[in-house]
1. Chains A and B: what accessible area do they bury, summed, in square angstrom to the nearest 100, with a 1.4 Å probe?
2. Which percent, nearest 5, of DSSP beta bridges in the range B:1-90 are antiparallel?
3. Considering only protein heavy atoms, what per residue accessible area in square angstrom results for the range A:1-108 with a 1.4 angstrom probe?
4. Of A:94, A:114, B:80, which is farthest along the charge dipole of the protein assembly as shown in the positive direction, counting Lys and Arg as +1 and Asp and Glu as -1 at C-beta?
5. Roughly speaking, what is the centre-to-centre gap between the range A:51-114 and the range B:9-32 when only Cα atoms are used, to the nearest Å?
6. Sketch the reach of a paramagnetic label on residue B:46 as a point 7 Å from Cα along Cα-to-Cβ, and name the residues of the range A:78-100 whose backbone nitrogen lies under 20 Å away.
7. Based on the alpha-carbon gyration tensor of chain A and its eigenvalue square roots a ≥ b ≥ c, which shape applies: rounded if a/c is under 1.5, prolate if not and a/b is larger than b/c, or oblate?
8. Under the rule a/c < 1.5 gives rounded, and otherwise a/b versus b/c splits prolate from oblate, where does the range B:31-102 land using the Cα gyration tensor?
Amino acid sequence: EAQVTQNPRYLITVTGKKLTVTCSQNMNHEYMSWYRQDPGLGLRQIYYSMNVEVTDKGDVPEGYKVSRKEKRNFPLILESPSPNQTSLYFCASSLRPGGTTEAFFGQGTRLTVV
Amino acid sequence: QKEVEQNSGPLSVPEGAIASLNCTYSDRGSQSFFWYRQYSGKSPELIMFIYSNGDKEDGRFTAQLNKASQYVSLLIRDSQPSDSATYLCALGGSGSARQLTFGSGTQLTVLP
């Protein structure tokens, strides 16, 4: 089954404790991205990757890091989480760059930073 | 900066009626337009995409695009309670890899 898998689904952490949210896709897609979703603000792109070892900032990259060492994986790293990073996070992948073809989303990770 | 505007709703329609969801955008360079449906607590899923002016129909769904007026709409005919969800309008552009920009969504409730 074609899918994007995120883990964990739910995470409560404390300010400053580094965390990683994993994302993996099995569709051989080149393009992957991370979004955060906040009430009234919709989905905002954090980072994206065009291919292995090619990443770039989206609209709200501050406080986040990503890496793309393998085509299927695109982890999101919060080196020092803060309460304003409490949000619902989605990983997405698409066959071609994000604005041209369908984006497939993971199940989401609800992060709470206290 | 591309901006996508949607009425946040909530929009309520009775079962069997036509639901009309609208989206306006500011970037005239936008090339592709998507409608995603998101059930509460779930991830977005694609319903329709449209690239050319006019109407595009898929089952009970019709997407309408008017580039001159910079709006795109989604019509849902014979609305069902299972259509109750938030509908996200998304715009893509040409060239730039990160140009999939979402509106904040319209919450639709279909009343039995």
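The values are calculated or read from the model by the stated rules, or taken from the named source; none is laboratory data. Keep in mind that this is a model prediction, so the values were computed, not measured. So basically every Cβ, Gly included, is an ideal-geometry build from the backbone, and we count neighbours across all protein chains shown. Just so you know, the surface numbers come from the protein's heavy atoms only, side chains and all, with ligands and any DNA or RNA stripped out. Shrake-Rupley method; radii C 1.70, N 1.55, O 1.52, S 1.80 Å.
1. 1700 Å²
2. 100 percent
3. 47 Å²
4. Sorting the options by dipole projection puts first A:114.
5. Here the answer is 27 Å between Cα centres.
6. A:90-100
7. It comes out prolate by the Cα gyration axes.
8. oblate
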